[in-house]
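What follows is a short report on a single structure.
Only the coordinates and a few stated rules stand behind these numbers; no lab work does. Here the structure is a predicted model, which is why all the values come from computation and not from measurement. As a convention, Cβ positions derive from the backbone with ideal geometry for all residues, glycine included, and neighbour counts pool all protein chains shown.
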Amino acid sequence: MLQKTFSNPVTPVFKPQKKFAFAIFNSNYGKTKKFWNLKLKNDIETVIETFHLLGIAEEDTIILYDADYDEVVYYYDKIIKERYKDAERTNTNTIFFLWYAGHSVYGP
C-alpha cells in the first residue's frame, strides 16, 4: 500500500486539466537466464495504484505487459499521439506519464 506524503505547499507552475498514463512492463528476457525469476506483478499493482493516486482515470491509463515492438508502436502512435494532438488542438493543459519496467534483450 502506498502512503501519501505531503511536503510544504508550493505554487504549481503547470496545472494539468487532463492526465494520461502509459506503462510498459517487460518480463520476457528471451534466453537470458539471469532474469527468468523476475516477477513484475507487484510492480504493476504499485504503478497502477500510483497512477490512481495521481488522479489518472482508469480509462486514461494504458498498461502493456510483455508487449512486442508492434504493440508498443501501435499504442504510442494511435493513442498517445492522438491524445497529444487533441490536447494541442483544444489548448488543454495535459500531462503524460510514461513508465517502463524491465530489461531489454539485444540479439538472438
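Cβ under 13 Å from Ala57's Cβ, Ala57 left aside: what net charge do those residues give with Lys, Arg +1 and Asp, Glu -1?
0
Full extension from Ser7 to Glu88: what is 0.36 nm times the residue separation minus their Cα-Cα distance, to one decimal in nm?
26.0 nm
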